[in-house]
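The values are calculated or read from the model by the stated rules, or taken from the named source; none is laboratory data. Note that the structure is predicted; figures quoted are calculated from it, not measured. Don't worry about glycine lacking a Cβ; one is built from the backbone with ideal geometry, like all the others, and counts go over all protein chains shown. The protein model used for the area step is the full one, side chains on, heavy atoms only, and it has no ligands, DNA or RNA in it. Shrake-Rupley method; radii C 1.70, N 1.55, O 1.52, S 1.80 Å.
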Amino acid sequence: MTALPLVFDAPRRGKPPRHLADLTRDEARAAVAELGQPAFRADQLARHFYRGVTDPAQMTDLPAAVRETLTGALLPGLLTPVRHQAADGGRTRKTLWRLHDGALVESVLMRYPDRATVCISSQAGCGMACPFCATGQGGLTRNLSAAEIIGQAVAAAAAMANGEIPGGPGRLSNVVFMGMGEPLANYARVRKTLDALVTPAPHGLGLSQRSITVSTVGVVPAIRRLTEEGLNATLAVSLHAPDDELRDTLVPINTRWKVGEVVAAADAYAERTGRRYSVEYALIRDVNDQPERADLLGRLLARRRAHVNLIPLNPTPGSPWDASPLPAQREFVARLRAAGVPTTVRDTRGQDIDGACGQLAAADLRPRPEARPERARGEEDGVLLGVPSVAVPTPSLEPPVELGAEADE
Ligand code: SAH
């Protein structure tokens, strides 16, 4: 495996067309006025957008003569669904989106008995180069605009509201920035997205800050900024190793900001919000799953406001690594708990559709020799709906933790 360089500055590409969700409310009202329409039309457009209405014909509160003009100017279609893939009897659904310039991203909607979580992408690709992550291995294409990120959450909220997911109409309750990309490397757009997610309807999705999780490799200055700007989203830090020597190789940003600096920044955030942060730790067989490392992690996190979320490694193409065996996982959990660190094992939902943590590659249009037959069939059709779930045993020790449940800490 060749080491990839860390990339912070996203390549400059053509900007997506202007969209209402990129604008402040005043800017949107001004844009509508420029088109010779009363400013309140901006609010009508916002109501449609956040309810997931995209067809101008359905916007019956707008005069028919201006529907096309207004939607064309302020609600351009930024995300075109290429296909959906379903697992878990339809309760997990991964969507591949094509953006205006052909870039591809994925989002995953997961319905649980008491919540519905969407995992969204903040960048097309990722520049953080983590060697065990499919997205990281693909490199960075570009940053997403706020409207492109928000649009993924809006689509998920609409899918829930419209009863597209088995279980009847429901409500999107959680958003996790655990799809493609490093959210804190696209700070300004992610910040705007957080605002839109928590702004009450009709100008946003009306979620609570704590039901939103921002997951980061540990961009320390950006964690400090979240702290200073008074945000209350749940913070998740992808640690994956307690010691700098190993973390330098697993999470290359560690060569800039060390373990000690990352946990100190997360501590400060937790101090301000009064809530624990989540430490993500992918358990990789014989790489970071030794009992000594569990002890080291336990000593690092004991007496901090942290909770450990262990993720048995999800396999990615070309990687020589695999998940820790069950006994090693058990031992790891036991040692962390003995050190007084609250620890859970994360659900591996969506693994069979390459929709689990670290598997999002939006690589579906490239040849994939390891593709399973049912996927290959779907590719010919161009659309894959309702793929029967392949039973993948979840190697957990107790009921695994739902994605988004970080917020319950
Ligand atoms: N860039 C952000 C968010 C994206 S990934 C971050 O790194 O935090 C969400 C989580 O999945 C991260 O903790 C990431 O390290 C983890 N992950 C990546 N690849 C994985 C894999 N193959 N198996 C399990 N978890 C993985």
All conditions in (1) within 16 Å of the ligand (Cβ to nearest atom); (2) open to solvent by 40 Å² or more (accessible area, probe 1.4 Å); (3) aliphatic (A, V, I, L, M) are true of residue 264 except (1)
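Residues are listed down the side, and each one gets a yes or a no for (1) open to solvent by less than 80 Å² (accessible area, probe 1.4 Å); (2) free of Cβ contacts under 8 Å to residues at least 24 places away in the same chain; (3) in contact with a Lys or Arg (Cβ under 9 Å, 6 or more places away or on another chain):
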residue: 269; (1), (2), (3): yes, no, yes
residue: 275; (1), (2), (3): yes, no, yes
residue: 300; (1), (2), (3): yes, no, no
residue: 305; (1), (2), (3): no, no, yes
residue: 327; (1), (2), (3): no, yes, no
residue: 333; (1), (2), (3): yes, no, no
residue: 341; (1), (2), (3): yes, no, yes
- Query: without any contact (Cβ under 8 Å) to a residue 60 or more places away in the chain, among the aromatic types (Phe, Trp, Tyr), under 25 Å from residue 175 (Cβ atoms) and part of a helix (DSSP H, G or I): does that describe residue 281?
  - Reply: no
Screening 89, 36, 14 for residues that are at positive phi and either touching a Phe, Trp or Tyr at 6+ places or on another chain (Cβ under 6 Å) or touching a residue at least 24 places away in the same chain (Cβ under 8 Å) (or both) leaves only 89
Reported set for the stretch 277-298 where residues are open to solvent by less than 10 Å² (accessible area, probe 1.4 Å) and away from the ligand (no atom under 14 Å from the Cβ) is 294, 297, 298
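For (1) among the basic types (Lys, Arg); (2) under 17 Å from the mean Cα position of the chain (by Cα); (3) modelled with pLDDT under 95; (4) over 23 Å from residue 99 (Cα atoms), each residue gets a yes or a no:
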residue	(1), (2), (3), (4)
128	no, yes, no, no
134	no, yes, yes, no
142	yes, yes, no, no
148	no, yes, no, no
153	no, yes, no, no
162	no, no, no, yes
165	no, no, no, yes
169	no, no, no, yes
174	no, yes, no, yes
Counting only residues in the stretch 166-193 that are closer than 17 Å to residue 107 by Cα and of a type in the set (A, V, I, L, M, F, W, C), the one nearest to the ligand (Cβ to nearest atom) is identified as 178
Within the stretch 18-36, residues being of a type in the set (D, E, K, R), within 30 Å of the chain's Cα centre (by Cα) and either surrounded by fewer than 21 Cβ atoms within 10 Å (Cβ to Cβ) or modelled with pLDDT under 95 (or both) number 4
Those residues of the stretch 197-210 which are outside any helix (DSSP H, G or I), open to solvent by less than 30 Å² (accessible area, probe 1.4 Å) and touching a Leu at 6+ places or on another chain (Cβ under 6 Å) amount to 207
Please determine whether any residue of the stretch 349-359 is of a type outside the set (Asp, Glu), more than 28 Å from residue 226 (Cα to Cα), in contact with a helix residue (DSSP H, G or I) (Cβ under 9 Å, 6 or more places away or on another chain) and more than 16 Å from the ligand (Cβ to nearest atom). no
Worksheet item: Given the structure, is residue 213 in a strand (DSSP E or B), closer than 20 Å to residue 186 by Cα, in contact with a helix residue (DSSP H, G or I) (Cβ under 6 Å, 6 or more places away or on another chain) and of a type in the set (Ser, Thr, Tyr)?
Response: yes
Log entry, pairs with first residue in the stretch 129-143 being more than 9 Å from the ligand (Cβ to nearest atom), second being basic (Lys, Arg) and open to solvent by 30 Å² or more (accessible area, probe 1.4 Å), beta carbons closer than 7 Å, six or more apart or on different chains, reads 142/13; 143/189
Checked 330, 366, 377 against criteria (modelled with pLDDT under 85, among the basic types (Lys, Arg), away from the ligand (no atom under 15 Å from the Cβ) and outside any loop (DSSP other than H, G, I, E, B)); the one match is 377
Flagged pairs (Cβ under 6 angstrom, 6 or more apart or on separate chains; first in the stretch 100-127, at positive phi; second open to solvent by 10 Å² or more (accessible area, probe 1.4 Å)) are 125/138; 125/139; 125/140; 125/141
